[in-house]
1. Consider Leu299 carefully, then state whether it is of a type in the set (A, V, I, L, M), more than 21 Å from Pro182 (Cα to Cα) and either surrounded by 13 or more Cβ atoms within 10 Å (Cβ to Cβ) or at pLDDT below 80 (or both).
2. Determine whether Ala138 is surrounded by 14 or more Cβ atoms within 10 Å (Cβ to Cβ), of a type in the set (Gly, Ala, Ser) and in contact with a Leu (Cβ under 7 Å, 6 or more places away or on another chain).
3. Can you tell me which residue is nearest to Met84 (Cα to Cα) among those in segment 103-118 that are of a type in the set (A, V, I, L, M) and within 23 Å of the chain's Cα centre (by Cα)?
4. Of everything in segment 203-232 that's free of Cβ contacts under 8 Å to residues at least 60 places away in the same chain and in a helix (DSSP H, G or I), which residue is nearest to Val312 (Cα to Cα)?
5. Filter segment 278-291 for residues that are surrounded by 14 or more Cβ atoms within 10 Å (Cβ to Cβ) and more than 24 Å from the chain's Cα centre (by Cα); which is farthest from Val329 (Cα to Cα)?
6. Could you grab the pairs with beta carbons closer than 6 Å, sequence gap of 6+ or different chains, first residue in segment 249-263 and closer than 12 Å to Val222 by Cβ, second one among the hydrophobic types (A, V, I, L, M, F, W, C) and surrounded by 13 or more Cβ atoms within 10 Å (Cβ to Cβ)?
7. Here are some residues: Arg108, Arg131. Which one is surrounded by 20 or more Cβ atoms within 10 Å (Cβ to Cβ), without any contact (Cβ under 8 Å) to a residue 40 or more places away in the chain and not assigned by TED's automatic domain parsing to the domain that holds Ser34?
8. Mind checking which residues of segment 33-51 are modelled with pLDDT under 85 and either in a strand (DSSP E or B) or surrounded by 14 or more Cβ atoms within 10 Å (Cβ to Cβ) (or both)?
Amino acid sequence: MKQTRGLGFVYQPVYLDKRTGKRKTAATWWVQYSVRGKRYRESSGSANRNTAIKLLKDRLGAAAQGKPVGPNVDRTRFEDLARMLVEDYRANGRRSLERIEGALKHLREFFGDDFALDITTDRITSYIRWRQDEDAAAATINRELAALRRAFRLAARAGKVALRPEIFMLRENNRRKGFFEPDQYAALLQHLPDYLKPVIQTAYITGWRIQSEILTRQKHHVDLDADWLRLEPGEGKSGEGRNFPLIPGLREVLERQIEQTRALERETGQIIPWLFHKNGKVIGSFRKAWSTACKRAGLAGRIPHDFRRTAVRNLERAGVPRSAAMAMVGHRTESIYRRYAIADEGMLKEGALKLAALHLAEEKRVLTAVKENARPIHQR
């Protein structure tokens, strides 16, 4: 019998018993309601009528607040959130898909096949503690939390979840300060495989991002006549185009790379569009080769991104105007650039020598003036 309640009602479905042919009433109570012209039916999962009434009130209350409603809201699981996130990144061609999949791997280990409604703020706090116990850095955890937050936003937009948990980011006090000194850079090059050497040489000089800005370069991005290495608009992280001048060291590296690529094309009969490659194939992950080379060079724990800091420091040392340096490396704001412009001990000592020379010159000037004033007027 249907029980009307406002915009919906609760009821026990009637069905035909296939064995006896008699009509029977189900023990479980169901609810039916309409939201914006769409009808929903769902089981309360209970033989208690009051449970069904409460479910109906909850659904109508959520609808009145503009929240998603329907049986799918309670059935959405973490895997559904992860799938929506990955599909969003693929649909929009985001270059950080690999990083998102890495974040989801850790999130999946903790939340498994949990329902989305069970991923509450306190559960997320437990996840943070779990990752901290695994010695994950605050920045790493924040990237994972950002992925989870984005997944919930997509699910809410699709009407798959009614509520989004509050997700608070950790304070990051682990800003990296690594860079390569010339002798360290030389030692690393000796232990890198040949196909990676020109990549790292380019990163050392330009400070460009290796995965998205160097490994994506093709031969036509090198203009030997105009002396430029080009990044087209829309290719980099900022979406802005960029040119880096071919200083002698960089020009030598790129000319040699192009010559070797053309020789390989003649030898194999294939067309290789990439500026940097591994036997004509796109260079993907080189994490293992990098880790091995760093260990052999006594530089364990270093990361490729350290070359970005190194390039900025070298530009500062060379006295390149900050506006030009920012344009060459690809920093959009001066605040971000300053984070990379690390003052190492060598720069500080150079600064100290310049300061000492200034003070010495000032002292000489003052002493000269004092002596001049102390002379008799007729001797001046």
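1. Values: of a type in the set (A, V, I, L, M): yes; more than 21 Å from Pro182 (Cα to Cα): no; either surrounded by 13 or more Cβ atoms within 10 Å (Cβ to Cβ) or at pLDDT below 80 (or both): yes.
For Leu299, the condition - of a type in the set (A, V, I, L, M), more than 21 Å from Pro182 (Cα to Cα) and either surrounded by 13 or more Cβ atoms within 10 Å (Cβ to Cβ) or at pLDDT below 80 (or both) - is not met.
2. Working: surrounded by 14 or more Cβ atoms within 10 Å (Cβ to Cβ): yes; of a type in the set (Gly, Ala, Ser): yes; in contact with a Leu (Cβ under 7 Å, 6 or more places away or on another chain): yes.
Yes: the conditions hold for Ala138.
3. Restricting attention to segment 103-118, the residues satisfying the condition of being of a type in the set (A, V, I, L, M) are 103-104, 107, 116-117.
Adding the requirement that they be within 23 Å of the chain's Cα centre (by Cα) leaves 103-104, 107.
Details: Ala103: 14, Leu104: 12, Leu107: 14 Å.
Within segment 103-118, the match that is nearest to Met84 (Cα to Cα) is Leu104.
4. Step one: list which residues in segment 203-232 are free of Cβ contacts under 8 Å to residues at least 60 places away in the same chain, which gives 216-230, 232.
Checking the rest, the ones that are also in a helix (DSSP H, G or I) come to 219-221.
Working: Lys219: 25, His220: 26, His221: 22 Å.
Out of the qualifying residues, it is His221.
5. Gly280
6. Pairs that qualify, where the first residue is closer than 12 Å to Val222 by Cβ and the partner is among the hydrophobic types (A, V, I, L, M, F, W, C) and surrounded by 13 or more Cβ atoms within 10 Å (Cβ to Cβ), are Leu250/Ile205; Leu254/Val222; Thr261/Ile272.
7. Working: Arg108 fails: surrounded by 20 or more Cβ atoms within 10 Å (Cβ to Cβ).
Every option except Arg131 fails the conditions.
8. As a first pass, look at segment 33-51 and keep what is modelled with pLDDT under 85: 33-46.
Once the filter is applied, which keeps residues that are modelled with pLDDT under 85 and either in a strand (DSSP E or B) or surrounded by 14 or more Cβ atoms within 10 Å (Cβ to Cβ) (or both), segment 33-51 yields Tyr33, Ser34, Val35, Lys38, Arg39, Tyr40, Arg41, Glu42, Ser43, Ser44, Ser46.
The values are calculated or read from the model by the stated rules, or taken from the named source; none is laboratory data. These numbers come from a predicted model, not from an experiment. Glycine also receives a Cβ, built like all others from the backbone with ideal geometry; neighbour counts cover every protein chain displayed.
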